[in-house]
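See below for the structure under consideration.
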Amino acid sequence: MHVVDHTKGQPSESESRNVLTESARITRGKITDLARLSAANHDAAIFPGGFGAAKNLSTFAVDGKDCRVHEDVERVLKEFHKAGKPIGLCCIASVLAAKVLHGVEVTVGHEQEEGGRWPYAGTAEAIKALGAKHCVKEVTEAHVDKKNKVVTTPAFMCETELHHVHDGIGAMVKKEENRD
């Protein structure tokens, strides 16, 4: 979809990006196309959030609860789930599991805006409409769905200091590693 100029908070008319190229730039590391990811070769899968998850990994940004999930994302989620391997999802990426793994428990934080602190709180209703259970958590926390081995954290769904987001993502990774 469109590229957002975050200095202006609006779409950039003259810019386009390639997801693989941008991923390599951000991580400064060796990346591989998601089409090549296999649960047989990895212990866990973590999906970072950000609006790209709602625009590029799915159509949630446009279609809400009626979204479609990118076929490779759906395959990876189902493959790791079937293999009983942990799946971590940050921020808006939790909707990917809600759409693909029926009855999964996830969090995107709170269910009310609370004076703008949780500006995307309406996402919790979409998660419920997808047949998933939404669990209220603070930005520094992670929710563990033990049955499905899915661990989620609100991350940037909350307007807060960056270190609180960091703490929540750290909690998600730690719980995923410990598989609790």
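The values are calculated or read from the model by the stated rules, or taken from the named source; none is laboratory data. Predicted, not measured: the structure shown is a model, and the values here were computed from it. Don't worry about glycine lacking a Cβ; one is built from the backbone with ideal geometry, like all the others, and counts go over all protein chains shown. The protein model used for the area step is the full one, side chains on, heavy atoms only, and it has no ligands, DNA or RNA in it. Shrake-Rupley method; radii C 1.70, N 1.55, O 1.52, S 1.80 Å.
For region 142-154, check the following and say yes or no: at least one residue is among the β-branched types (Val, Ile, Thr), under 15 Å from the mean Cα position of the chain (by Cα) and surrounded by fewer than 20 Cβ atoms within 10 Å (Cβ to Cβ). Checking region 142-154: not a single residue is among the β-branched types (Val, Ile, Thr), under 15 Å from the mean Cα position of the chain (by Cα) and surrounded by fewer than 20 Cβ atoms within 10 Å (Cβ to Cβ).
Does Thr123 satisfy being open to solvent by less than 30 Å² (accessible area, probe 1.4 Å) and under 15 Å from Phe60 (Cβ atoms)? Working first, answer last.
Working: open to solvent by less than 30 Å² (accessible area, probe 1.4 Å): yes; under 15 Å from Phe60 (Cβ atoms): yes.
In short, yes.
Please determine whether any residue of region 85-102 is in contact with a strand residue (DSSP E or B) (Cβ under 9 Å, 6 or more places away or on another chain), farther than 21 Å from Ala54 by Cα, of a type outside the set (Ser, Thr, Tyr) and open to solvent by 20 Å² or more (accessible area, probe 1.4 Å). Yes, that holds for at least one residue. Within region 96-103, is even one residue closer than 17 Å to Val173 by Cβ and touching a residue at least 24 places away in the same chain (Cβ under 8 Å)? Yes, region 96-103 contains at least one residue that is closer than 17 Å to Val173 by Cβ and touching a residue at least 24 places away in the same chain (Cβ under 8 Å).
If you take the residues of region 155-167 that are free of Cβ contacts under 8 Å to residues at least 60 places away in the same chain and part of a helix (DSSP H, G or I), which of them is surrounded by the most Cβ atoms within 10 Å (Cβ to Cβ)? Steps first, answer last, please.
Restricting attention to region 155-167, the residues satisfying the condition of being free of Cβ contacts under 8 Å to residues at least 60 places away in the same chain are 158-167.
With part of a helix (DSSP H, G or I) added as a condition, the list becomes 162-167.
Values: Leu162: 8, His163: 9, His164: 15, Val165: 21, His166: 13, Asp167: 18.
Looking at residues that are free of Cβ contacts under 8 Å to residues at least 60 places away in the same chain and part of a helix (DSSP H, G or I), I get Val165.
Inside region 35-62, residues that are without any contact (Cβ under 8 Å) to a residue 24 or more places away in the chain and closer than 18 Å to Pro86 by Cβ make up a count of 1. Within region 55-84, being closer than 21 Å to Ala121 by Cα, open to solvent by 50 Å² or more (accessible area, probe 1.4 Å) and in contact with a Leu (Cβ under 7 Å, 6 or more places away or on another chain) holds for one residue alone: Lys65.
What are the residues in region 64-93 that are in contact with a helix residue (DSSP H, G or I) (Cβ under 7 Å, 6 or more places away or on another chain) and of a type in the set (Gly, Ala, Ser), if any? It would help to see each step written out before you state the result.
Pass one, region 64-93, residues in contact with a helix residue (DSSP H, G or I) (Cβ under 7 Å, 6 or more places away or on another chain): 64-65, 67, 69, 72-74, 76-80, 83, 85-93.
Gly64, Ala83, Gly88, Ala93 - these are the residues of region 64-93 that are in contact with a helix residue (DSSP H, G or I) (Cβ under 7 Å, 6 or more places away or on another chain) and of a type in the set (Gly, Ala, Ser).
Restricted to region 33-54, and to residues there that are outside any loop (DSSP other than H, G, I, E, B) and farther than 18 Å from Pro154 by Cα, the residue that is least open to solvent (accessible area, probe 1.4 Å) is Ala39.
When you look at Ala171, is it hydrophobic (A, V, I, L, M, F, W, C) and under 13 Å from Ser94 (Cα atoms), yes or no? Full working, then the answer.
On the way: hydrophobic (A, V, I, L, M, F, W, C): yes; under 13 Å from Ser94 (Cα atoms): no.
Taking the combined requirement at face value, the residue does not satisfy it.
Scanning region 12-32 for residues that are over 22 Å from Cys90 (Cα atoms) and either outside any loop (DSSP other than H, G, I, E, B) or touching a Gly at 6+ places or on another chain (Cβ under 9 Å) (or both) returns a single hit, Ser12.
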